[in-house]
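The values are calculated or read from the model by the stated rules, or taken from the named source; none is laboratory data. Remember, it's a predicted structure, so these values are computed and weren't measured experimentally. Because the Cβ atoms are built from the backbone with ideal geometry, glycine has one as well, and the counts that use them run over all protein chains shown. Surface areas here come from the heavy atoms of the whole protein model, side chains and all, with no ligands, DNA or RNA. Shrake-Rupley method; radii C 1.70, N 1.55, O 1.52, S 1.80 Å.
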Amino acid sequence: MSAVAALAIFVVAFFFIATEKIDKVKVVLVTAGLMTVLGLTAGADVFFSEHQGIDWNVIFLLLGMMIVVGVIKDTGLFEYLAIWAAKRSKGRPYRLLVMLMAITAVASPFLDNVTTIMLVAPVTVVVCNRLRIPAQPYLIAEVLASNIGGAATLIGDPPNIIIASRAGLTFNDFLIHMTPIVVIVFVTFVVMSRWIFRKAFTYDERYVAEVMALDERKAITDHGLLVRCLVVLGLIVVGFSLHSVLGVEPSIVALVGAGVMLLVTKVEVSDVLREVEWGVLVFFMGLFVMVAALGHTGVIENIGTWAADAIGDNYFAAATSLVFGSAVLGAFFDNIPYTATMAPIVEGMAAGADPQTADALWWSFALGADFGGNGTAVAASANVVAIGIAARTGHPISFWQFTRYGVGVTVVSTVMAWVYVALRYF
């Protein structure tokens, strides 16, 4: 009965999040509290175990990078990059879209997709405001590109970190096995974007002429501050890349980097903290508790176990179910807690297979979870962060506005991932 209760409460909460009848932060707080009071979660353990509750690594990674972005914002760098991008694209909407998507997709594998969105989204808002064009399609396209690009490396997407830890996979393993399909999917997405975002491609010569006349160098308000910020940001990127070697979580790298940046820039801490998306952080904490209830009551595990029993020793069927099943479930349950819950089940499925087939199951799992992150507005951390930034900057993105683009991209990318797995490993 507890599993039925947890699933029923989750479905009702998801309905209110999707329809936006009630603010999503209120929904997750009430739902998380209700699940805890009813004993559907692990009680106090929701604060101490990432597998049974809040994943503080994700929360503190977001907090640290929000502080970093808040400091960098004062340098005028985002304004500079916005004017530069608008001038390089000559104000042509599709050209600008491809440029922003390419920057996002290339940066995501090394910065992780959440950090990349926090850095690129403010630039996008500024350039769209300058050109008097709606920012929502550009932000959505960037998020979709970041989730695709982030799948290429161990640190690019949070589910990959979980999978690598459980399966014993290295950074180079992800480069060899994930990067080829990520490149193919991204190129396909670039072609698709010409059609799916076509209504957003408005062009007004008056506003383009105004932007072309601007000098982006004048946007930098404090060169000394910019240099110090870029040095610290560079060290943070190095820390992200070497976190597995150093044995330090990315969240610690982000928090230390944020502290160092506040120290060397001497900005007003109170001003920077106003830039933090506190609503986004609270939403994630509540969402983690909600999904933890599904794990604690056995809902997700039962689904996985049922699928494993149904498949038996048919490993191609297992890989197929992991690609498509992870894409669907990850889209609704948030792919981070979903991956943490399902990883032990996948490990059990892979235990009886030969090494090459076992690896194929892990790659199938990773591709499904990563690409499923584009499925809905709450499927991945980057999605929620981008929607939060959009709302604060006057360009609100509704749940369904994001999801109607994300579903199509998810279907195409997941099918391509399945074909890739079939041809390469079977």
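Results, tabulated for the structure shown:
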{"item": "Reachable aspartates and glutamates from residue 24, criterion Cα separation under 18 angstrom, eight or more residues apart if same chain", "result": "277, 334"}
{"item": "Cα gyration tensor category, rounded, prolate or oblate, for the chain with a/c compared to 1.5", "result": "prolate"}
{"item": "Span from the region 139-156 Cα centroid across to the region 357-385 one, whole angstrom", "result": "10 Å"}
{"item": "FRET efficiency for residue 132 and residue 313, using Cβ-Cβ distance with R0 set to 41 Å, rounded to 0.05", "result": "0.10"}
{"item": "Residue 5-residue 235 FRET efficiency (beta carbon distance; Förster radius 51 Å; 0.05 resolution)", "result": "0.60"}
{"item": "Extent along principal axes [Cα atoms of region 89-171; Å; largest to smallest]", "result": "48, 17, 15"}
{"item": "Length added when fully stretched, residue 248-residue 221, from 0.36 nm per residue minus Cα-Cα", "result": "6.3 nm"}
{"item": "Gain upon complete extension [residue 44, residue 88; 0.36 nm per residue less C-alpha separation]", "result": "10.5 nm"}
{"item": "FRET efficiency, residue 271 to residue 187 (Cβ-Cβ, R0 51 Å, nearest 0.05)", "result": "0.80"}
{"item": "Spin-label model distance (nm) - residue 411 vs residue 356, 7 Å beyond Cα toward Cβ", "result": "3.4 nm"}
{"item": "Point-charge dipole on Cβ atoms (K/R +1, D/E -1) for the chain, about Cα centre, debye to 20", "result": "1580 debye"}
{"item": "Top of 240, 332, 16 by mean-square fluctuation, Gaussian network on the chain, Cα under 10 Å", "result": "16"}
{"item": "Too-long pairs where the Cα-Cα distance tops 23 Å, listed order kept, from 21/199; 87/218; 90/218; 21/73", "result": "21/199; 21/73"}
{"item": "Fraction of accessible area attributable to carbon and sulfur, region 49-193 (%, probe 1.4 Å)", "result": "65 percent"}
{"item": "Surface per residue (accessible, 1.4 Å probe) for region 1-117, Å²", "result": "43 Å²"}
{"item": "Region 259-292 residues near the modelled residue 392 label - backbone nitrogen below 16 Å, point 7 Å along Cα→Cβ", "result": "268-285"}
{"item": "Region 263-421: radius of gyration over Cα atoms, expressed as a fraction of 2.2 N^0.38 Å", "result": "1.22"}
